[in-house]
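Here's the structure, in structure tokens; my notes come after.
The values are calculated or read from the model by the stated rules, or taken from the named source; none is laboratory data. The shown structure was predicted, so the numbers you read here are calculated from the model rather than taken from an experiment. Virtual Cβ from ideal backbone geometry, glycine too; neighbours counted across all protein chains shown.
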Amino acid sequence: MNNTLLVHVGVRTTDLAASIRFWRDALGLRVAATMEGCYDLTDGRHNFRVFQHGGAARPPHVSGLLDYLHIGVLVDDLAATAQRCQDLGFPIIWDGVAAGHAYDPQQPPTESFKVADPDGIVVDVTASPAQWPGVGL
């Protein structure tokens, strides 16, 4: 058995301010530190660093349900998080994370939902700690 812990994820964004509005304001991660062109966000256990991309133009991201990268977050209040996402202009793209269905704004999600960050990274949002096997909270 090994003792490796996943403690850090880094994302380069095309619009740092918009990404921080998403990760901090809509999803609720806290700012642990800032540097020039960079925010270190945290849930209290993991580091999530968001960098401003500064190189050549990036190719378009494959977004939506055909993502090649997605991240999962656990929230205390699913309905409130869904409402914050929508209020801040981040539309919910799917109700559920697996065999779900198209999102109906008149029916708040009850188990989980998918939303995309400003660069098209899909985020699975749930209030259930049993959503992902192997996660010890």
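Looking at the range 83-96, which of its residues are out of contact with any strand residue (DSSP E or B) (no Cβ under 6 Å at 6 or more places or on another chain) and either charged (D, E, K, R) or crowded, with 19+ Cβ neighbours inside 10 Å (or both)? Please lay out each step first, then the result.
So in the range 83-96, the residues out of contact with any strand residue (DSSP E or B) (no Cβ under 6 Å at 6 or more places or on another chain) come out as 83-84, 86-89, 91.
Of everything in the range 83-96, those that are out of contact with any strand residue (DSSP E or B) (no Cβ under 6 Å at 6 or more places or on another chain) and either charged (D, E, K, R) or crowded, with 19+ Cβ neighbours inside 10 Å (or both) turn out to be Arg84, Asp87.
I'm trying to understand the selection: among the residues of the range 1-59, which are among the small types (Gly, Ala, Ser) and under 26 Å from Asp77 (Cβ atoms)?
Ala17, Ala18, Ser19, Ala26, Gly28, Ala32, Gly44
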* Collect the residues in the range 46-56 that are under 16 Å from the mean Cα position of the chain (by Cα) and over 15 Å from Asp117 (Cα atoms), keeping them in residue-number order. => His46, Asn47
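For the range 27-131, list the strands (runs of 3 or more DSSP E) that sit wholly inside it and hold at least 2 residues that are out of contact with any Gly (no Cβ under 8 Å at 6 or more places or on another chain) and small (Gly, Ala, Ser); which are they? Spell out the reasoning first.
Values: elements: 30-35, 38-42, 47-52, 70-74, 92-95, 112-116, 122-126.
Of the strands (runs of 3 or more DSSP E) lying wholly inside the range 27-131, those with at least 2 residues that are out of contact with any Gly (no Cβ under 8 Å at 6 or more places or on another chain) and small (Gly, Ala, Ser) span 30-35.
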* Asked: Looking at the range 119-128, is at least one residue over 15 Å from the mean Cα position of the chain (by Cα) and at pLDDT below 90?
  -> yes
